[in-house]
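The values are calculated or read from the model by the stated rules, or taken from the named source; none is laboratory data. None of the values given here were measured: they were computed from a predicted structure. Cβ placement follows ideal geometry from the backbone for every residue including glycine, while neighbour counts extend to all protein chains displayed. Accessible surface areas use protein heavy atoms only, side chains included; no ligands, DNA or RNA. Shrake-Rupley method; radii C 1.70, N 1.55, O 1.52, S 1.80 Å.
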Amino acid sequence: MDLVLALAGFAALVAAWVRAGEGAPTGKTALSERR
Amino acid sequence: MGHVSAGNTAWVLTSAALVMLMTPALGFFYGGLVREKNVLATLMQSFLMLCLVSVQWILVGYSLAFGHDVGGLIGDLSYVGLRGVGSAPNAAYAATIPQSAYALFQMMFAVITPALITGGFAERKRFRAFVLFSLLWSTFVYDPIAHWVWGSGGWLGRLGALDFAGGTVVHVSSGVAAVVAAWMLGPRLHARGRGEPHDLTMVMLGASLCWFGWFGFNAGSALAANGVAAAAFVNTDAAAAMGALTWMTVAWHKRGTPTVTGTMAGSIAGLVAITPAAGYVTPAAAIVIGMAGALACYAAVALRERSHVDDALDVFPIHAIGGTVGALLTGIFALGAVASRQVPVQLLAVTAVWLYSAAATFLILKFVMLIAPLRVTALDEQLGLDISQHAEAAYIS
């Protein structure tokens with residue numbers, strides 16, 4: 001089960017990277033914003 | 001006298017040195033996150049723990065944690081000054097290395113734990129109060145908790161609680177203490193975000209060296225150069241990597257950019273979460289634990305942002321929550337454990353440490369307040385701790 005979960009988790013991340021935008025700088029510097 | 005293994009001894013001594021490096025590395029991690037005027041004081045708080053707790057550990061700390069059991073709660077004073085702790089192994093802890101090597105390895109855990117707390121009260125704690133608090137906290141919080149879990153006869157260890165390298169003993173105890181201290185000191189004068197983080201290159205250096213040192217922290221906890229150590233080494237790397245990737249991706253999705261700070265925070269979250277499980281689980285489970293730890297810590301940071309408690313460097317969300325998630329998942333994924341039986345034990349251990357650390361930290365801070373104010377004055381806070389507490393400045397401009 002742990003291998004299935006690990007593969008599914010990693011696949012979810014890869015799918016998110018494929019869909020991710022370039023992003024725009026927010027201009028905010030707060031630590032919480034950066035995180 | 002047991003047989004001393006040269007290979008095991010070499011590995012544990014090397015691991016102790018790796019763990020030692022984590023404390024100044026933590027100083028760089030925290031130091032980069034604070035404002036420029038507080039960087040030296042922040043570095044000093046970590047470095048001082050290396051000095052203060054090293055001496056405390058030799059004099060009394062090791063004995064309280066690993067001395068002969070007294071009621072399952074604490075060790076006796078038989079090892080005060082490391083008397084009788086020499087080249088002969090202590091089979092109750094590590095049968096193939098000198099007990100002095102074991103004491104040294106454990107010393108480095110005792111050193112970094114109060115150093116972790118410093119992130120909670122960063123940029124406002126008076127140095128004198130900090131020194132007194134740290135000495136008392138190490139003695140009356142860390143040492144008993146270490147005995148409960150790892151000491152021969154400790155009550156949580158006897159119940160079967162699993163904590164391979166300190167998810168509960170180190171991270172939950174310090175994370176809970178940090179939020180109590182942050183609450184008692186009150187928030188910093190200036191809102192978050194003005195001038196912080198002042199140097200992300202320092203943060204990157206600190207996080208990377210923490211990851212490096214964590215190999216000793218986790219793989220060294222096998223207390224032998226064997227397959228368990230190798231498994232813990234692999235799992236440590238897997239969880240750190242997956243934690244970083246997870247946090248980076250969530251931040252990218254939520255905030256629009258894959259932030260450097262978030263990626264580093266994620267690696268630390270993954271490392272914290274795998275700590276209690278490192279020697280017990282498969283690499284695939286380590287990936288799952290790293291991901292779960294990062295997701296939980298990310299959510300906890302988001303909740304903390306809505307709180308009025310100024311846990312300045314997110315010690316509670318990363319260490320208390322990451323440590324708790326890791327401890328519970330250890331009960332699920334540990335090879336050979338039955339989850340329905342192990343998870344309740346894990347939950348009991350975590351709950352006990354949460355409650356004891358919170359209550360004892362509160363009482364210790366109340367006691368310290370009788371001797372010295374916890375906070376610097378408003379003017380000193382505006383000047384910065386580097387100048388007001390140490391009369392030095394990090395950067396000449």
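Per residue of peptide B:327-333, the mean number of Cβ atoms on other chains within 10 Å of the residue Cβ is 1. Roughly how many Å is it from the Cα centre of region B:70-109 to that of region B:340-368, as a whole number? Rounded to whole Å, the Cα centres lie 24 Å apart. Here, P(r) means the percent of Cα pairs in each 10 Å bin from 0 to the largest distance; for chain B it is 6, 25, 35, 24, 9, 1, 0.
In the full protein context, region B:9-51 carries 29 Å² of accessible surface per residue, based on a 1.4 Å probe and ignoring ligands, DNA and RNA. Quick one: Cα centre-to-centre distance for region B:377-392 and region B:256-311, in angstrom? Centre-to-centre distance over Cα atoms comes out at 33 Å.
Of the peptides B:266-275, B:371-380, B:304-313, B:162-171, the order by per-residue mean of other Cβ atoms within 10 Å, starting with the highest, comes out as B:266-275, B:162-171, B:304-313, B:371-380. Where the alpha-carbon atoms of region B:244-397 are placed on the principal axes, they occupy 56, 42, 28 Å, in descending order.
Sorted from longest to shortest, the spans of the Cα atoms of region B:4-156 along the three principal axes equal 49, 35, 25 Å. Give the Kirkwood hydrodynamic radius (Å, one decimal) of region B:196-281, defined as one over the mean of 1/r across all pairs of different Cα atoms. Kirkwood radius, region B:196-281: 13.3 Å. Within 10 Å of the Cβ of each residue in B:278-287, the mean number of Cβ atoms contributed by other protein chains is 3.
Solvent exposure of residue B:87, expressed as accessible area, is near 80 Å², computed with a probe of 1.4 Å over the protein chains only.
Annotation: extensible slack from residue B:383 through residue B:3 equals 131.1 nm (criterion: 0.36 nm per residue apart, minus Cα-Cα distance). Sorting the segments B:125-137, B:172-184 by their residues' average number of neighbouring beta-carbon atoms within 10 angstrom, most packed first, yields B:172-184, B:125-137. When the helices of chain B are scored as -39500 (n - 2.57) per DSSP H run of n ≥ 4 and the total is divided over every residue, the value at 222 nm lands at -21000 deg cm²/dmol. Lysine pairs in the protein assembly as shown whose alpha-carbon atoms fall under 26 angstrom of each other, counting only those eight or more residues apart or on distinct chains, come to 4. Percent of alpha carbon pairs in the protein assembly as shown separated by more than 26 Å? Roughly 52 percent, rounded to a whole number. Sites listed here are trypsin sites (Lys or Arg not before Pro) in region B:1-109 whose DSSP assignment is loop and whose Cβ has at most 15 other Cβ atoms within 10 Å: B:83. What would the Debye equation give as log₁₀ I(q)/I(0) for region B:297-374 at q = 0.18, 0.19, 0.24 Å⁻¹, counting only Cα atoms as equal point scatterers? These q points yield log10 I(q)/I(0) values of -0.88, -0.92, -1.09.
Using every pair of separate Cα atoms, the Kirkwood estimate puts the hydrodynamic radius of region B:1-54 at 12.9 angstrom. Pairing chain A with chain B buries about 2200 Å² of accessible area. This figure sums both sides and uses a 1.4 Å probe. For region B:1-139, what relative contact order do you get, as a whole percent, if you take Cα pairs closer than 8 Å and at least 6 residues apart? Relative contact order here is 33 percent. Annotation: residue B:70 carries an accessible surface of approximately 80 Å², with a 1.4 Å probe and no ligand, DNA or RNA atoms counted. Counts of other chain beta carbons within 10 angstrom of each beta carbon in peptide B:311-321 average 1. Annotation: average projected area of region B:134-264 is 10.9 square nanometres, based on the convex hull of Cα atoms across all directions. For every other residue with a beta carbon closer than 14 angstrom to the beta carbon of residue B:396, add +1 if it is Lys or Arg and -1 if Asp or Glu, then tell me the sum. Around residue B:396, the surrounding residues sum to -2.
The equivalent ellipsoid of region B:82-158 has semi-axes of 29, 14, 10 Å, largest first, where each one is the square root of 5 times an eigenvalue of the Cα gyration tensor. Heavy-atom accessible area, probed at 1.4 angstrom with all protein chains present, ranks B:212, B:105 as B:212, B:105, highest first. For chain B, with a Gaussian network of springs between Cα atoms less than 10 Å apart, report the residue from B:67, B:322, B:256 with the top mean-square fluctuation. Looking only at B:67, B:322, B:256, the biggest GNM fluctuation is shown by B:256.
Rolling a 1.4 angstrom probe over region B:246-343 with all protein chains present gives an accessible area of which 68% lies on carbon and sulfur atoms. Could you state the angle between the C-alpha long axis of helix B:339-371 and the longest principal axis of the C-alpha atoms of chain B, as a value from 0 to 90 degrees rounded to the nearest 10? Helix B:339-371 and the main axis of chain B meet at about 50 degrees.
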